[in-house]
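Notes follow the structure.
The values are calculated or read from the model by the stated rules, or taken from the named source; none is laboratory data. Here the structure is a predicted model, which is why all the values come from computation and not from measurement. Glycine gets a Cβ as well: all are built from the backbone with ideal geometry, and neighbour counts include every protein chain shown. Areas reflect the complete protein model, heavy atoms only, side chains present, ligands, DNA and RNA absent. Shrake-Rupley method; radii C 1.70, N 1.55, O 1.52, S 1.80 Å.
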Amino acid sequence: MTNHWIDIRNSDVILIMGSNAAENHPISFKYVLEAKDKGAKLLSVDPRFTRTSAKADIYAPLRSGTDIAFLGGMIKHIIDNKLYHSEYMQLHTNAPFLVNPDFQMPGDLDGLFSGYSEEKRSYDKSTWSFQRDANGVPKSDPSMQDPNCVLQLLGKHFSRYTPEVVSDITGTPQEQLLQVYEAYASTGKAGKAATIMYAMGWTQHTVGTQNIRTMAIIQLLLGNIGIAGGGVNALRGESNVQGSTDHCLLFHILPGYLPTPKSSWNDLATYIEKSTPKTNDPDSANWWANRSKYITSLLRAHFDSVLSAAEDFGYDLLPKLDDGQNASWLMLFDRMFKGDIKGFFSWGQNPACSGSNAGKVRKAMAKLDWMVTVNLFDNETASFWKGPGMDPAAIDTEVFFLPIAASFEKEGSVTNSGRWAQWRYQAVPPLGNSRHDSEVMNELYFRVAELYRKEGGAFPDAITKLSWDYGFKGPDGKIHHMDIHAVAKEINGYFLEDKEIKGKLYKKGELVPSFAFLQNDGSTSSGNWLYCNSYTEKGNMLARRGQSDPSGVGLYPEWSWCWPVNRRILYNRASVDANGQPWDKKQPVIWWTGSGWKGDVPDGGWKPLSQPGTKKSFIMLPDGVASIFGAGMKEGPFPEHYEPLECPIEKNPLSGTKNNPVIKRFYEEGGLEEDVFYSCDQRYPYVATTYRVTEHWQTGVMTRNIPWLLEMQPSMFVELNPELAKEKGIKSGDWVKVSSGRGEVEAVAIVTERFRPFKVQGTTIHQVGLPWCYGWNTPNAGDSANLLTPTIGDANTMIPETKAFQVNIEKRG
Amino acid sequence: MARKAFMIDTSRCTACRGCQVACKQWNKLPADAEVNRGSYENPPQLTPHLYNKIEFIEKGEGKDFTWRFLNQRCLQCGDAGCIKVCPSAGALFHTEEGLVGYDQDKCISCNYCVNGCPFDVPRYDANNKVTKCHGCMDRVANGLQPACVKACPTASLQFGDRDKLIAAAKASGKQVYGETALSGLGAMYALDGSPQDYNLAENPSIPQSIFLWKDVIKPLGILGFWGAVGAAMLHYVTVGPKQLEDDFEDKGGE
Amino acid sequence: MELSRRGFLQLSGGTIGATIVGVGLKPAAAYAEPLAIQYAKETTTICPYCAVGCGLIVHTRGGEVINTEGDPDHPINRGTLCSKGAALYQLRHNDNRITEPLYRAKGSKEWKKVSWDWSLDQIAQKIKATRDATFMEKNAKGQTVNRTDGIASVGSAALDNEECYLFQKLLRSWGLVYIEHQARI
């Protein structure tokens, strides 16, 4: 979230699309309803009428996988009716920038942008660029009238997204389409705020990243980013998925979103040179220019501090990807399926149910030599070898189940969706003989290190030179009790030597006050620069419980701590005009007093934009402004509607390019039977989507095992509309079989008006929906909806497309 | 003491069912084994282990479609059929705050409160003792909110001085269900629709037969030793003679 | 009726002693049992389910959890909870929790209970054997990569920040690059 939960109460219009907040983030509705009490409008856009829709002022159904068409129509509505916030766009976005005249768009190229290579299935992005002056700074037309400026091109691109065309793609009646457009676009002026609450309903598509981009563009057109009640708000699903992302349990990034080293970056200097964004604009802060300080401080935290600058502080000890190597989720299980992965950790996760195309995932596990699974409860991953269709005698995988403590049986912090990192304490010791995760990691560290010290082996330095200093060492040289505060402090970082900064001396061993103090000479450590400032000489900021809210807009700056540097609303310098005065005087986020900023921690402390020597407001981007034109995307600088890989219609009504042209196509490339998909195939005529329910969480391991929760939602179900049910002879409560090209599940039918058939291109399209919170390991609960979902991912992130695929449904025989 | 009450604002309920679980947690009630019958609503009705639940009500179609959520529980009647009908003094009673409490030690397992309730609320537990929402009388007596009310994220459930809750609901333009019926309910609804939209009786009343009990038999003082006989007579009045003997035979076994 | 945090603490006897003002334990009516959480120890925690980050109070007595409910001072949830958060108590009082390490041998049809010491030793040996067998110091182009593609890890958005940081540090020290978790799906 750019903003945070409490801030939702400051909105005038709330769009819940691609999420189902009332069901999956129920406490958010405390604030949604507070906003409504003050007159806000709630808009619910969802293929299915949900508990969120039940509270909405306007509900608009759309066919799964057509969000870009829906939102593209909104962009057209905003531009045609000049409902945008011109001054905001001129100051804070690249809307006025002039684009390369050779750049061409899908309207001219049948659904493609300029530079596409059919053979490589990717783009040469050279025309996706700005015209630049002699100094290399982008040229712009502040009046935003030049036909090559971003705003004009955006208008031209989305001129094709008329209400008729959009309705014909999405199945949304035009009346509701326009109601949503008008309500949302009413906030394109100073003093009005609209927010978007989205989640996996947007990310789990082959165009997931572009779904979010489309909305970000709308928010920038309307001046809704940086302000109270605005922003682009991803409602994250797990208690610490924000923190686990920040600490980068992901193949492509190191803690603090630093790129994983790759083979061509053979030393630290090359890493810094190649991975540091550059700008020629003296007015751009280009904050990532500090990358050298962050990677160096990370290395200092990871490895033995005796390693010197000449040894690149241990840079070579980090594993490096081959250039172009993609080690993401779908690739990981594809390689496992092919037998290339021998050992596997499933630490607090249940991929046998959460992985798209779960049948392939389960088969893949049978190819492992060993698996370590760490959890509170038995689950379908740990016990995959005795699951449906498995012959234990034929499976050679050794499996270790390590039981661990629950959240209140240990101490540490978790970061919520609003980036608040909150400390929690141990209420009771771990249950039975279960242990803290950190104690298990500690044991594994010492045991593996001991083996390498004793026996030698492959590249022992990476292990033996790791720093691991989180408590008192016993006579055996091992730590027997982990001090979690020592880890929190390492994440924040220390001065490793006496250092004078801006006239103040910081002593060796002191905690670094904030990331502005981090150094690239090896004199500071910080395990994650983004959390530098979280545990300082002032104490554990994460544990704070201050109740004050001096601004009155719900920032609670003394409650816990929020990254970065306790800034509660990101991009907040866009909440003010060139003179530093808030667009919204009633609920200001920051304001310039004439000598300094008041309110939230400003996004860079520079003076207002009208004053000389300042820096632009979007400090993380090289151009210093927000990207309405975003050349970083793989499929184009503007979003374009493409159909899901599996879809019910023959032709994309907008162009001859049916699917996202740059997705990795597993089936065609690898030819595995498990990866098969069926588009416009009569065997699988119905659109399907997956979701969660309030009463369960993720694959259900932590809720199916809670009797109070299982009581309320005891088993797998499929929701379908009465017309389809009648056609199929299905009644509510019947057991039915839902099948796709990958597998089938049994489910209880819930026949409901909450799903309605869609009228698309003159035909009737039925959609059904299934929760993915069940698994065979819970008696009588049914199995995972992910047995049905495909092996295909978003072009930018490789997040699987589990929100739109094709199925059949039959009454169980 | 001013009469306390629940006000249940249906327009604010998102059916998160925090109330359902918070109640079980505080009162340490076990889960029932359930199956999906083609609805989110589970268990389908109040049970001895379920003092409050959300009813999911789908009505209409297309643009007229509505999905409403109703918190079902003991409505804590001012004129409470269950108390009226109860033959065992002190087994069911009004608390100081006006809630309908019960004392299982005094419950004689006669089941009459079930018949006396206009809302089909009281249940009997494994020990054959009455059980139902008691408004968390232990919490309320100690100045805390009932567990369900405390948990409710959207203030759909409120608890406080009855008069103030009614005034506040009316001030916000809501229709109050249960303000006067049955001498005023101690759990009222602020409805965003008609009672029919929520499958609620327009004019809830205690079954007529109860009045015979209250006005004729109970004043005769047939309690205590005579309780069982009185109870039998009530059973005769409300159910008829057929099961009378069976009932006595069952009791004989205890 | 809104109870302040202070009032709540007083009521349950968590930290503040004798004098109880305003919300005091008035002479209980005959039906009012002593409050179950009176004089219990209170520990604040954050809900382990979704990412709203609601605060809870865990009441314990004699080292065991006796009650869990919303933290009234938490600025987000203000003491409220959804059904999942309200069910936290059953994460502790739960017959399904696994409390001993388990091992499933090759071809076996069942789990068997094993010791921590044995499990950890076995796992350490497996990590080393697989790592040694699959480690690449250089890739096909002769560039230094120092990694293993033979071991993979998924999880965990359920860990605390400190554990996430430790976990990635540990995995990367072993040379893993196939490191993924819930954020990718």
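For the residues C:ILE57, C:ILE46, C:ILE76, the requirement of being of a type in the set (A, V, I, L, M, F, W, C), under 25 Å from A:THR694 (Cβ atoms) and more than 7 Å from chain A (Cβ to nearest Cβ) singles out C:ILE57.
Scan the stretch A:302-336 for residues that are of a type in the set (Lys, Arg) and either open to solvent by less than 10 Å² (accessible area, probe 1.4 Å) or closer than 11 Å to A:LEU268 by Cβ (or both) and report the count. Before you say what the answer is, go through the steps one by one.
Of the residues in the stretch A:302-336, the ones of a type in the set (Lys, Arg) are A:320, A:335.
Still in the running and either open to solvent by less than 10 Å² (accessible area, probe 1.4 Å) or closer than 11 Å to A:LEU268 by Cβ (or both): A:320.
The qualifying residues number 1.
In the set (1) within 14 Å of chain C (Cβ to nearest Cβ); (2) closer than 30 Å to A:ASN659 by Cβ, A:LEU62 fails one condition alone, (1). Out of curiosity, is A:THR415 within 8 Å of chain C (Cβ to nearest Cβ), of a type in the set (Val, Ile, Thr) and surrounded by 24 or more Cβ atoms within 10 Å (Cβ to Cβ)? So A:THR415 fits the description; yes.
B:VAL149 meets all of the listed conditions (1) within 11 Å of chain C (Cβ to nearest Cβ); (2) over 26 Å from A:LYS38 (Cα atoms); (3) of a type in the set (Val, Ile, Thr) but one, namely (2).
The test for being touching a helix residue (DSSP H, G or I) at 6+ places or on another chain (Cβ under 7 Å), at pLDDT 95 or above and within 25 Å of A:GLY230 (Cα to Cα) does not hold for A:ALA190.
If the condition is being in contact with a Gly (Cβ under 8 Å, 6 or more places away or on another chain) and not hydrophobic (A, V, I, L, M, F, W, C), then the stretch A:211-229 contributes A:ASN211, A:ARG213, A:THR214, A:GLN219, A:GLY223, A:ASN224.
A Cβ distance below 6 Å, combined with a sequence gap of six or more or placement on separate chains, defines the contacts here; from the stretch A:123-141, residues that are of a type in the set (A, V, I, L, M) reach residues that are surrounded by 12 or more Cβ atoms within 10 Å (Cβ to Cβ) in the pairs A:VAL137/A:ASN280; A:VAL137/A:ASP281. Scan the stretch B:133-143 and tell me whether some residue there is open to solvent by 30 Å² or more (accessible area, probe 1.4 Å) and at pLDDT 95 or above. Scanning the stretch B:133-143 turns up no residue that is open to solvent by 30 Å² or more (accessible area, probe 1.4 Å) and at pLDDT 95 or above. Pairs linking a residue in the stretch A:457-473 that is over 15 Å from A:VAL306 (Cβ atoms) to a residue that is assigned to a loop (DSSP other than H, G, I, E, B) and among the charged types (D, E, K, R), with Cβ atoms under 7 Å and 6 or more positions apart or on different chains, are A:TYR470/A:ASP483; A:GLY471/A:ASP483. The set of residues in the stretch B:195-206 that are open to solvent by 40 Å² or more (accessible area, probe 1.4 Å) and closer than 17 Å to B:VAL114 by Cα contains only B:SER205.
Filter the stretch A:418-431 down to the residues that are over 14 Å from A:ASN375 (Cα atoms) and either open to solvent by 10 Å² or more (accessible area, probe 1.4 Å) or assigned to a loop (DSSP other than H, G, I, E, B) (or both) and list them by number.
Residues of the stretch A:418-431 that are over 14 Å from A:ASN375 (Cα atoms), as a first pass: A:418-429.
Of everything in the stretch A:418-431, those that are over 14 Å from A:ASN375 (Cα atoms) and either open to solvent by 10 Å² or more (accessible area, probe 1.4 Å) or assigned to a loop (DSSP other than H, G, I, E, B) (or both) turn out to be A:GLY418, A:ARG419, A:TRP423, A:TYR425, A:GLN426, A:ALA427, A:VAL428, A:PRO429.
For the stretch A:448-472, a residue qualifies if it is of a type outside the set (A, V, I, L, M, F, W, C), surrounded by 20 or more Cβ atoms within 10 Å (Cβ to Cβ) and either assigned to a helix (DSSP H, G or I) or within 7 Å of chain C (Cβ to nearest Cβ) (or both), and exactly one does: A:TYR452.
Scanning the stretch A:435-444 for residues that are open to solvent by 10 Å² or more (accessible area, probe 1.4 Å) and either more than 7 Å from chain C (Cβ to nearest Cβ) or in contact with a strand residue (DSSP E or B) (Cβ under 8 Å, 6 or more places away or on another chain) (or both) gives A:ARG435, A:HIS436, A:GLU439.
Restrict the check to the stretch A:66-76 and report whether at least one residue is buried (at least 24 other Cβ atoms within 10 Å of the Cβ), assigned to a helix (DSSP H, G or I) and of a type in the set (Ser, Thr, Tyr). Talk me through it step by step, then tell me what you get.
Initially, the stretch A:66-76 is screened for residues buried (at least 24 other Cβ atoms within 10 Å of the Cβ), giving A:66-75.
Those still in the list that are assigned to a helix (DSSP H, G or I) too: A:67-75.
From what's left, of a type in the set (Ser, Thr, Tyr): none.
The answer is no; no qualifying residue exists.
Screening A:GLU500 on (1) assigned to a loop (DSSP other than H, G, I, E, B); (2) over 15 Å from A:VAL565 (Cα atoms) shows it passes everything except condition (1).
Give the residue, chosen from A:ASP396, A:ASP391, that is at the interface with another protein chain (Cβ under 7 Å from one of its Cβ atoms), open to solvent by 10 Å² or more (accessible area, probe 1.4 Å) and not hydrophobic (A, V, I, L, M, F, W, C).
Details: A:ASP391 fails: at the interface with another protein chain (Cβ under 7 Å from one of its Cβ atoms).
Within the list A:ASP396, A:ASP391, the selection yields A:ASP396.
Restricting the search to the stretch A:261-287, which residues are part of a loop (DSSP other than H, G, I, E, B), more than 7 Å from chain C (Cβ to nearest Cβ), closer than 22 Å to C:LEU176 by Cα and open to solvent by less than 10 Å² (accessible area, probe 1.4 Å)? Before you say what the answer is, go through the steps one by one.
Our first condition is that a residue be part of a loop (DSSP other than H, G, I, E, B); within the stretch A:261-287, this holds for A:261, A:263-267, A:276-286.
So of that shortlist, the ones also more than 7 Å from chain C (Cβ to nearest Cβ) come out as A:261, A:265, A:267, A:276-286.
Now narrow it down to the ones that are closer than 22 Å to C:LEU176 by Cα: A:261, A:265, A:267.
If the condition is that a residue be part of a loop (DSSP other than H, G, I, E, B), more than 7 Å from chain C (Cβ to nearest Cβ), closer than 22 Å to C:LEU176 by Cα and open to solvent by less than 10 Å² (accessible area, probe 1.4 Å), then A:PRO261 is the only one that fits.
If the condition is being small (Gly, Ala, Ser) and free of Cβ contacts under 8 Å to residues at least 40 places away in the same chain, then the stretch A:574-600 contributes A:GLY580, A:GLY594, A:SER595, A:GLY596.
On the basis of being over 12 Å from B:ALA15 (Cα atoms), within 14 Å of chain C (Cβ to nearest Cβ) and either out of contact with any Gly (no Cβ under 8 Å at 6 or more places or on another chain) or of a type outside the set (D, E, K, R) (or both), does A:VAL32 make the cut? First the steps, then the outcome.
On the way: over 12 Å from B:ALA15 (Cα atoms): yes; within 14 Å of chain C (Cβ to nearest Cβ): yes; either out of contact with any Gly (no Cβ under 8 Å at 6 or more places or on another chain) or of a type outside the set (D, E, K, R) (or both): yes.
In short, yes.
A:PRO173 passes every criterion in (1) touching a Gly at 6+ places or on another chain (Cβ under 7 Å); (2) closer than 30 Å to A:LYS38 by Cα apart from (1). Scan C:ALA133, C:ALA140, C:ALA129, C:ALA51 and give me the residue that is free of Cβ contacts under 8 Å to residues at least 24 places away in the same chain and farther than 30 Å from A:ASP323 by Cβ. After ruling out the rest, the residue left standing is C:ALA51.
Residue count for the stretch A:542-573 under the criterion of being over 18 Å from A:SER11 (Cβ atoms) and without any contact (Cβ under 8 Å) to a residue 40 or more places away in the chain: the result is 9.
Looking across the stretch A:115-146, the residues that are in contact with a helix residue (DSSP H, G or I) (Cβ under 8 Å, 6 or more places away or on another chain) and either open to solvent by 50 Å² or more (accessible area, probe 1.4 Å) or of a type in the set (D, E, K, R) (or both) come down to A:PRO142, A:GLN145, A:ASP146.
Considering A:GLU646, A:GLU635, A:GLU746, A:GLU650, which residue is part of a loop (DSSP other than H, G, I, E, B) and under 28 Å from A:THR52 (Cα atoms)? I'd like the intermediate steps shown before the answer.
Details: A:GLU635 fails: under 28 Å from A:THR52 (Cα atoms); A:GLU746 fails: part of a loop (DSSP other than H, G, I, E, B); A:GLU650 fails: under 28 Å from A:THR52 (Cα atoms).
Going through A:GLU646, A:GLU635, A:GLU746, A:GLU650 in turn, the sole match is A:GLU646.
Looking at A:ASP378, is it assigned by TED's automatic domain parsing to the domain that holds A:ASP340, farther than 22 Å from A:TYR470 by Cα, free of Cβ contacts under 8 Å to residues at least 60 places away in the same chain and charged (D, E, K, R)? Step through it out loud before you land on a result.
Values: assigned by TED's automatic domain parsing to the domain that holds A:ASP340: yes; farther than 22 Å from A:TYR470 by Cα: yes; free of Cβ contacts under 8 Å to residues at least 60 places away in the same chain: no; charged (D, E, K, R): yes.
Considered against the rule, which asks whether it is assigned by TED's automatic domain parsing to the domain that holds A:ASP340, farther than 22 Å from A:TYR470 by Cα, free of Cβ contacts under 8 Å to residues at least 60 places away in the same chain and charged (D, E, K, R), A:ASP378 comes out as no.
Applying the criterion of being part of a helix (DSSP H, G or I) and charged (D, E, K, R) to the residues of the stretch C:144-185, the residue that is farthest from A:ASP340 (Cα to Cα) is C:GLU162.
Residues in the stretch A:577-600 that are among the β-branched types (Val, Ile, Thr), under 20 Å from A:ALA193 (Cβ atoms) and open to solvent by 50 Å² or more (accessible area, probe 1.4 Å): 0 in all.
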